[in-house]
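Computed from the coordinates by the stated procedures, all read-outs in this text should not be read as laboratory data. All of these numbers come straight from a predicted model, not from anything done at the bench. Using ideal geometry, Cβ is built from the backbone for each residue, glycine included, and neighbour counts are taken over all protein chains shown.
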Amino acid sequence: MRELSEKQVKVVLPEKDIPRQWYNILADMPTTPKPGLNPITKKPLTPEDLLPIFPMDLILQETSSERWIDIPEEVLDIYRLWRPSPMYRARRLEQALGTPARIYYKYEGVSPAGSHKPNTAIPQAYFNKKAGIKRLATETGAGQWGSALSLACTYFGLECTVYMVKVSYHQKPYRRSMMEVWGAEVIASPSDRTETGRRILEREPDCPGSLGMAISEAVEDAMSRKDTNYSLGSVLNHVLLHQTVIGLEAQKQFELIDDYPDVVVGCCGGGSNFGGLAFPFLADKFAGKKVRTVAVEPTACPTLTKGHFAYDYGDSAKMSPIVQMYTLGHDFVPAGIHAGGLRYHGASPIVSQLVHDGIIEAKAVGQEGVFEAAILFARTEGILPAPESAHAIKGAIDEALEAKEAEEERVILFCLSGHGHFDLSAYDEYLAGNLVDVEYPQEKIDEALKSLPQCDIA
Ligand SMILES: *Cc1c(COP(=O)(O)O)cnc(C)c1O
């Protein structure tokens, strides 16, 4: 062990230190999430319920209670193209804040798709290929998940169809180009390709779409073809499992410099980059170590801080499993805030349970403060962050300023989940003074209660 030398900023691991196993927090949680339910029978899900859309390997990972799950060699071979990802000490940001805190960030923007999402897209494509599947259907909001899965499908020779939320399809044309370069077919959702899409368009021809709707379309597509499965980029247990490579590497990086975080911060949409970074540290916490974890979400989509902890559908057409999670209701249509990846109505059942049990802290922040943090970060550290990731930066800066106030040496680690090179129109809006804070109205949250499914499982 050695300490970070006075000027060093990057902590890099050699390729041989890529984790060989994913960490499964289900093995250690004090209370595990209630079982997912079949959306029609409302009985606990069986593997057979999921087989029409997922390969058996992923279904088994979804409910596994094994603490460690081996990463296949074929997946490691692809991870090696950019992993281990670097961990940085944000010295210039610390200086600008005048804080005694030490701020570290794990940078996932080094992947070819520019975010953490390939960490799960790669194994998902691999396990589907192994099961004999030829084509994957999925949804995407801002386009990060769609591009990650397009990339993964291209590595493994699978076809990929992406239903992209219509408003983003028009706002982010270059994400679409990127997916098409990697060989995917991209369709604006709601579309006339599915029953669900046609029904929505009949009612509302100009519907801007939502993640819930796009999920319904992709699931319907996958259900209707034998050679096609569905793939989800967040929320599910196996997705968060795959993302734990982030936290496992960070733990090794801290060991190298003989330091350890007091607080681990991540932005939370469905919860996958946050869970991926935080879960290995929560394993330490369960073993008695003192470490806080903070999930940061937008006030425009305050799932963890204001949502109902209840059983709800994962999509608007009620085709996906019913799970217990924090939810704003499956009919949620978000305000057009720019952090497209943080606009889902629900959140990971595991993260939700841990928030409910008081193990994870959650907070919501407004987008003005988020972009202010993003600009400060870009002007000190240089990297232009994704607006989603900027929520984590804002969370980390708040911690650092609190530490300054209290004159304490807090060690802060956050996940810089991706770069914002495709989000420049959002930055333009901010710089032009057009971005305002959006609060999701309480009446709407109350109203959502009425649409929650009645499930009498104890
Ligand atoms: C998708 C995305 C998120 C939000 O998804 P999580 O599952 O909550 O991680 C955050 N940051 C970036 C860069 C993303 O692409």
Study note, to complete from the structure: Ordered by fewest other Cβ atoms within 10 Å, a rough proxy for footprinting exposure, W145, W68, W182, W82 read W68, W82, W182, W145
Check your understanding: Do the alpha carbons of any pairs in K7/K172; K34/K129; K106/K285; K16/K172 sit beyond 27 Å of each other, and which pairs?
Key -> K7/K172; K34/K129; K16/K172
Review point. Leaving out same-chain residues fewer than 8 places away, which aspartates and glutamates sit with a Cα under 13 Å from that of K444?
Key: D331
Practice item. Determine which aspartates and glutamates satisfy two conditions relative to K43: a Cα distance under 14 Å, and not lying fewer than 8 residues away in the same chain. Key: D312, D456
Study note, to complete from the structure: From the Cα centre of the range 103-119 to that of the range 12-90, the distance in Å is 18
Review point. What spacing in nm lies between the two simple spin-label points modelled at E73 and E159, each 7 Å away from Cα in the Cβ direction?
Key: 3.1
Study note, to complete from the structure: Relative to the chain, whose Cα atoms define the longest principal axis, helix 245-257 and its Cα axis are tilted in degrees, nearest 10, by 10
Check your understanding: How would you classify the range 87-156 from its alpha-carbon gyration tensor, with a ≥ b ≥ c the square roots of the eigenvalues: rounded for a/c under 1.5, else prolate if a/b is greater than b/c, otherwise oblate?
Key -> prolate
Check your understanding: What is the set of long-range amide H partners of H116 at a cut-off below 5 Å, with H atoms built 1.01 Å from backbone N?
Key -> none
Check your understanding: With Cβ to Cβ distances under 11 Å as the rule, what net charge do the other residues near K226 carry (K, R +1; D, E -1)?
Key -> +2
Exercise for review: Any chance you could check the Cα centroid distance between the range 261-279 and the range 198-241 for me, in angstrom?
Suggested key: 25
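Might you report the magnitude of the Cβ-based charge dipole of the chain about its Cα centre, with Lys and Arg at +1 and Asp and Glu at -1, to the nearest 20 debye? Walk me through the intermediate numbers first.
On the way: 46 positive and 61 negative charges, 150 e Å.
The dipole magnitude comes to about 720 debye.
Cβ under 15 Å from R20's Cβ, R20 left aside: what net charge do those residues give with Lys, Arg +1 and Asp, Glu -1?
Numbers: positive: K16, R67, R80, R83, K252; negative: E15, D17, E66, D70, E73, E74, D77, E249.
Around R20, the surrounding residues sum to -3.
How would you classify the chain from its alpha-carbon gyration tensor, with a ≥ b ≥ c the square roots of the eigenvalues: rounded for a/c under 1.5, else prolate if a/b is greater than b/c, otherwise oblate? List each step's numbers first, then the result.
Details: a/c = 1.43, a/b = 1.31, b/c = 1.09.
It comes out rounded by the Cα gyration axes.
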Review point. What is the order of H356, H345, H421, fewest Cβ neighbours within 10 Å to most?
Key: H421, H356, H345
Study note, to complete from the structure: Among A96, L26, F127, the residue whose Cα sits farthest towards the positive end of the charge dipole of the chain, when +1 is placed on the Cβ of each Lys and Arg and -1 on the Cβ of each Asp and Glu, is F127
Check your understanding: Gain in length, L449 to L51, computed as 0.36 nm per residue apart minus the alpha-carbon separation, to one decimal in nm?
Key -> 140.2 nm
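Arranged by the count of other C-beta atoms within 10 angstrom, fewest first, what order do V291, V186, V167, V370 take?
Working: V291 16, V186 22, V167 19, V370 31.
Fewest to most other Cβ atoms nearby, the residues stand as V291, V167, V186, V370.
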Study note, to complete from the structure: Shape call for the range 287-432, from the Cα gyration tensor axes a ≥ b ≥ c (a/c under 1.5 means rounded, otherwise prolate when a/b beats b/c, else oblate), comes out oblate
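Find out how many positive minus negative residues lie around E429, taking Lys and Arg as positive, Asp and Glu as negative, among other residues whose Cβ is under 12 Å from that of E429. Working shown, then result.
Working: positive: none; negative: E368, D423, D428.
Neighbourhood net charge equals -3.
With +1 on each Lys and Arg Cβ and -1 on each Asp and Glu Cβ, and nothing else charged, work out how big the dipole of the range 138-225 is about its Cα centre, in Debye to the nearest 20. Provide the component values of the computation, followed by the final result.
Details: 9 positive and 12 negative charges, 43 e Å.
Taking the Cα centre of the range 138-225 as origin, the dipole is about 200 debye.
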Study note, to complete from the structure: Farthest towards the positive end of the dipole of the chain, among T299, A364, I71 and with Cβ unit charges of +1 on Lys and Arg and -1 on Asp and Glu, lies the Cα of I71
Review point. Quick one: helix 387-405 against the long Cα principal axis of the chain, what's the angle to the nearest 10°, folded into 0 to 90?
Key: 30
**Study point:** Gain in span if fully extended, K34 to L431, counting 0.36 nm per residue against the direct Cα distance
**Key:** 138.5 nm
Study note, to complete from the structure: Under the Karplus relation with 6.51, -1.76 and 1.60 and θ = phi - 60°, whole-Hz ³J(HN,Hα) for the range 438-451, x at Gly and Pro, equal 10, 9, 6, x, 4, 4, 5, 5, 5, 4, 4, 3, 5, 8
Practice item. Return one number: the angle in degrees, 0 to 90 and rounded to the nearest 10, between the long axis of the Cα atoms of helix 144-156 and the longest principal axis of the Cα atoms of the chain. Key: 80
Review point. Which Cys residues of the chain have no other Cys Cβ less than 4.7 Å away and so no disulfide-compatible partner by this rule?
Key: C207, C267, C268, C301, C415, C455
Check your understanding: Residues in the range 215-233 near a label at E195, defined as backbone nitrogen under 20 Å from the 7 Å Cα→Cβ point?
Key -> 215-231
Practice item. Round to a whole angstrom and tell me the spacing of the C-alpha centers of the range 125-174 and the range 355-370. Key: 29
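How large is the helix-only mean residue ellipticity at 222 nm for the chain, computed as the sum of -39500 (n - 2.57) over DSSP H runs with n ≥ 4, divided by its residue count, in deg cm²/dmol to the nearest 500? Working shown, then result.
On the way: 19 runs with 185 residues, N = 458.
Computed ellipticity for the chain at 222 nm equals -11500 deg cm²/dmol.
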